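Just so it is clear, none of the values below were taken in a lab; they were calculated from the coordinates. Worth saying up front: this structure is predicted, and the values here are computed from it rather than measured. Cβ: placed from backbone, ideal geometry, glycine included. Neighbour counts: every protein chain shown.
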Amino acid sequence: MFDLYLDYIDRWSHGLWLTASMSTLSVLIGFLVALPIGFVRSRAKGPLAWLAIAYVNLFRGMPLLVLMFLVYYGFGQFSSELRAMGLWWFFRDAYFCGMLALILNTSAYQAEIIRGSLNTISTSVIETNAALNLTRWTAFRRVLLPIAFAKALPPLGNEYILMVKATSLLAIITVFDLMGEARTIFSETLDLGVYYVAAIHYLVLVLAIEWTLRRVEARFKWMA
Amino acid sequence: MVSPPAISFEKLNKYYGKFHVLKDIDLEVAKGERIVICGPSGSGKSTLIRCINRLETHQSGRLIVDQCEMNNTPSTVRRIRDRVGMCFQHFNLYPHLTALENCTLSLIYTRKMPPKEAKQRAMEYLARVRMDGFAQKYPSQLSGGQQQRVAIARSLCIQPEVMLFDEPTSALDPESISEVLDVMADLAIGGMTMICVTHEMGFARKVADRVVFMDAGEIVEIADPETFFTSPSHERSARFLQQIINH
């Protein structure tokens, strides 16, 4: 099994890099997308709120694999239209399509996490914002957001770890992430030990993330 | 010339649905006056002072704060909140900000004060409540009394015309109560217009110019503390005082 690792170390490293970078990037971009959606879910009423609910339900209600197929193969059906719109470079690339699917999926989950943590902020905080005459923007940016973020950190970390493992589906749409590399190495060696090596990679990656998250959470020492 | 009152309520009424919380409130508070509002729980004391900075809305009557009539216009509400400081029962410090940052937040972002100047002013007021040594501490690292003193400094930073205190010592242990009351008494000596909802009768006696007794949404009696405590003119206030003294 050690040989399986050493003989293909370049491929493993490449796969690890893709898995780590794609999951991290999609979680970060997904967070930025989720922020306004979660805020709208928590505070707004009317059409905007319906739109946010529709977004969350659509992308949470669809398996990630199905979403990847729809983006990668589904959009491929409209290649001529996409070419005309100048978007084909994006949709012909499995990497970009995979990223898009990951972002749509994780942003729906993260929006719900953000909504939940915004909802747990007590009315006394809102009243204090009013009594101190904070503008809406200041109240959001300097008070609600930091408090909500600190509360959301543990579930967001959980979502990050889930995403690391969910990226393994990318292999099916031909991305050479950890799982994609494992599949090609297996096809050459026909040694099932390959998947143990892949599993250990995932495990180490998740442990590293877990360690980092714990350090980040420790910085929020004011959360009594 | 008599200076206009800091606050005046005229026939103010408030309802929660069908429940009549404040009934025909008439009250004038002069500049520099110290008012203590007391009464049994549920009598509308807190609701009354929360109307002054629009944490509660009233349905009829007038409320004039510092010559500005309260209405639904956001600019009016902002203008009035700019002149009114408030301390809450549970301090309500922002948990993610240090004592100093709690004080400078609205100076920097609402009043657009340069951070350096804001910091200087905040330190000045933290020193006045004897909390300047704790400027870099987070609320979770402070005792209740310390937190309330920071909250008082935070309100003072905006240099308000009126300070509202909503049961500032009710959530504190006896030792912390006196440190907070001392700070409030200092403020009173400095000439701040103050309206305090409190059950601290010793404080009321020492500091208040007038005591307002409320029951069931009405002002039952307004009297100077000496008269109120020795010979209350209403049976309801007498009964309330009896209960407080018995404990």
> segment B:141-215 to segment A:21-93: how many Å between their Cα centroids?
Replying inline: 53
> Counting partner chain Cβ atoms within 10 Å of every residue's Cβ in A:122-129, what's the average?
Replying inline: 4
> Rg and Dmax of the protein assembly as shown, Cα atoms, in Å?
Replying inline: 30.4, 100
> Listed here are the pairs B:45/B:116; B:11/B:206; A:45/A:165; which of them are more than 32 Å apart at the Cα?
Replying inline: B:45/B:116; A:45/A:165
> In Å, what Rg and Dmax follow from the Cα atoms of segment B:1-150?
Replying inline: 17.7, 50
> If you rank A:115, A:60, A:136 by fewest surrounding Cβ atoms within 10 Å, what's the result?
Replying inline: A:136, A:60, A:115
>> Can you give me the angle between helix A:193-218 and the longest principal axis of chain A, using Cα atoms only, in degrees from 0 to 90, rounded to the nearest 10?
In response: 20
> From the backbone phi of segment A:47-59, what are the Karplus-calculated ³J(HN,Hα) couplings (6.51 cos²θ - 1.76 cosθ + 1.60, θ = phi - 60°) in whole Hz, Gly and Pro given as x?
Replying inline: x, 4, 5, 5, 4, 5, 4, 4, 4, 4, 5, 4, 8
> Which whole number gives the average, over all residues in A:132-144, of C-beta atoms from other chains lying within 10 Å of the residue C-beta?
Replying inline: 5
> With a ≥ b ≥ c the root eigenvalues of the C-alpha gyration tensor of segment B:89-157, is it rounded (a/c under 1.5), prolate (a/b larger than b/c) or oblate?
Replying inline: prolate
> ³J(HN,Hα) across segment B:194-211 via Karplus (A = 6.51, B = -1.76, C = 1.60, θ = phi - 60°), whole Hz, x for Gly/Pro?
Replying inline: 10, 10, 10, 8, 7, 9, 7, 6, x, 4, 4, 4, 7, 10, 6, 7, 9, 10
>> Taking the beta-carbon count within 10 Å as an exposure proxy, list A:62, A:1 from fewest neighbours to most.
In response: A:1, A:62
>> Quick check on the exposure proxy: order B:203, A:59, A:90 from fewest to most C-beta atoms within 10 angstrom.
In response: A:90, A:59, B:203
>> For peptide B:80-91, what's the mean number of Cβ atoms from other chains within 10 Å of each residue's Cβ?
In response: 2
>> 5 Å is the cut-off here: which amide hydrogens, built 1.01 Å from N in the peptide plane, fall below it relative to residue B:193, excluding neighbours closer than 5 in sequence?
In response: B:32, B:163
> About the Cα centre of segment B:89-157, what is the dipole size in debye to 20, counting +1 per Lys and Arg Cβ and -1 per Asp and Glu Cβ, all else neutral?
Replying inline: 120
> Long-range amide H contacts for residue B:21: which residues qualify at under 5 Å (H placed 1.01 Å from N, peptide plane, sequence gap of 5 or more or a different chain)?
Replying inline: B:14, B:15, B:16
> Say the dipole of the protein assembly as shown comes from +1 at the beta carbon of Lys and Arg and -1 at that of Asp and Glu; which of B:30, B:118, A:78 then lies farthest toward its positive end?
Replying inline: A:78
